[in-house]
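Take a look at the structure set out below.
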Amino acid sequence: MEPTKAQVDSALEGDEAAVRALVATLTPVLHARVTRALLRRGGVHAGSQAREQIADMVQDVFVELFRDEGRALRAWDPERGMSLRNWVGFLAEQRVAAVRRGKRHTLVLQEVLSDDAGAEEAPPRDDPEALYCSRQTLSRLLDALRADLSPQGFEMFEALVIREEAISQVCERTGFSTSAVQAWSSRLKRKAAQILSELSGPALAQEHVA
Amino acid sequence: MSHGDEPRNALEAAARLAREEADDALSDPRWESYTEGILSEDERRELASQATGSPGGERAEELFAPLGDEAQDRFLAAAMGALRAGGSPAAVSPTLPGDAGAGAANDGSPAREERPAQRAPGGEVVPIGVAREKRDSRSRRAWVMAAPVALAAAVAGVFFARGRAGGPLPDYEVSIAAGPAATRGPGGDTFDAPPGAALELAPGEGIRVRLRPGSPVKGPVGARVVLVVGSRAAVLPARVETSGDGAVRVRARVPAETRPEGEPEVWILVGRPGDLPGEGELATSDLPAGSDARLRVFKRGATWTAPGRQGPGGGVPPRQRPGPMKR
């Protein structure tokens, strides 16, 4: 059963039975997302240590979900359309990606745009060089986007870049304004440039994302 | 860029990689069913076989296998520990995305400034969103059975969108126990109840069910435990284990937020996965009227009792031990 906001609130008020029920419900999705993320990136320990590694990571995600009075769980809003399973599943992938990057930061739940963020940037120009971006670099870029973007930010990445939805379509589906979606579009491009800069140097980053 | 075109930049190339990953064998949603322990032997073998060609796929079957009760106890302890450690959310994150109204634009864009804090009655400074969340959570304690069955319409179609995996099922022998022993201990495996005894249910406590097929079953089988009160019903959160011959064990729990009112019934559904209802709340009229060859339905009367009252010493009291289920 998909947990309700009221059930999550009960758990966060310290009701042990509610916490137990929530842990039982969320363990399978955290286990699946952590395992998949680690397997994809070759990050699983050898031999019998692997399952312990996965359990440790799942435990780590549970701590992140419940720490600071359950900040990450309180941030889940079912009215925004994402189920709790998907919310925590995304945060699990974010956590794995962050640890893989050597960044053990707290979960990214929301982002802050600078004042000029609403301005639309020029569309990306054709860039044949991108074809030579190695699969490993792209994997690292994708992981870094997962690690650094909030659930809403990654949802925008999925809509605008992965599924290539038109801005008007995203506005209609999400109820966001055109300027808000344009702000996300600009932010995603800047974020990708920043990550590539970290991965491969500033010049290459401009070449690949501008 | 259409999906078949070459990417123009690294962001698009990363998106193409994401699309490839979404289509690969590790993204099969049945892996999550496997971690939950509700996948049949046949499906597990099929999944493992499909994953063999994927990166790391040869280890998938081993690593997605359910983590078990011991790990779950560990997670519970860690979660309770993190919760008890407390900490002010205001000190950690002044902007909580649960409330876009303060500090964030209502148009859905990310917040451009931090949410203003307000002073709580006790003098503690907390973000506005947190104060409202706490107030709302108290007023929403009453659980799903008391709420309008908003999801009923969405769930109603599940019974009619039946999958075709697997053939007819034999009759099943059903044993059921409820209460603290069913929640916590091996005593919950005692199923020798007098016939017709009513189950005693309590919010936050468990229901344990054992289903034995009259003859071996081939193909996937699943089960649901449904709490029915009057015209309302809810599929309970449960851990379901299946054996290769179609036997099923279920450990379900009555949510702690359940309001113990009305005359409850527990319905056990065992069937092919495509024939079982999804999770959530539904109306009784959305449940199957009775058994058929692909979905067996067993009903058991129950009463409400206070948590922890079901039996001395954690054992299963004779009154609640199960008898034959009515069909």
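The phi-based Karplus calculation (6.51 cos²θ - 1.76 cosθ + 1.60; θ = phi - 60°) puts the 3J(HN,Hα) values of the range B:14-26 at 5, 5, 5, 4, 4, 5, 4, 5, 5, 9, 7, 5, 6 Hz, whole numbers, x for Gly and Pro. Full extension of the chain segment joining residue B:241 with residue B:293 gains 16.6 nm, where the gain is 0.36 nm per residue of separation less the Cα-Cα distance. Across the range A:41-91, counting alpha-carbon atoms alone, Rg and Dmax equal 13.9, 43 Å.
I'd like the FRET efficiency for residue A:197 and residue B:22, computed as 1/(1 + (r/R0)^6) with the beta carbon distance as r and R0 of 22 Å, rounded to 0.05. According to the calculation, E is roughly 0.25. Electrostatic tally near residue A:19: other residues with Cβ closer than 11 Å to its Cβ, Lys and Arg +1, Asp and Glu -1, net -1.
Taking amide H positions as modeled 1.01 Å from N, with prolines and chain starts lacking one, the residues under 5 Å from residue B:173 and 5 or more places away or on another chain are B:212, B:214. Note that the range A:38-44 has calculated 3J(HN,Hα) couplings of 6, 5, 4, 9, x, x, 8 Hz, one per residue in order, obtained from phi through the Karplus relation 6.51 cos²θ - 1.76 cosθ + 1.60 (θ = phi - 60°); glycine and proline are x.
Between the amide H of residue B:201 and those of B:303, B:304, B:305, distances stay under 5 Å, these residues lying 5 or more places away or on another chain, with hydrogens modeled in the peptide plane. Amide H contacts under 5 Å for residue B:292: B:297, restricted to partners 5 or more places along the chain or on a different chain, H placed in the peptide plane at 1.01 Å from N.
Take the Cα of residue B:45, go 7 Å toward its beta carbon, and the backbone nitrogen atoms of the range B:222-262 under 14 Å from that spot belong to B:244-246.
Across the range A:161-170, computed HN-Hα scalar couplings (Karplus, 6.51 cos²θ - 1.76 cosθ + 1.60, θ = phi - 60°) run 10, 6, 8, 6, 6, 5, 4, 4, 5, 5 Hz from first to last residue, x flagging Gly and Pro.
Where a number appears in this text, it was derived from the coordinates with a stated rule and is not lab data. Keep in mind it's a predicted model, so treat the numbers as computed, not measured. Glycine also receives a Cβ, built like all others from the backbone with ideal geometry; neighbour counts cover every protein chain displayed.
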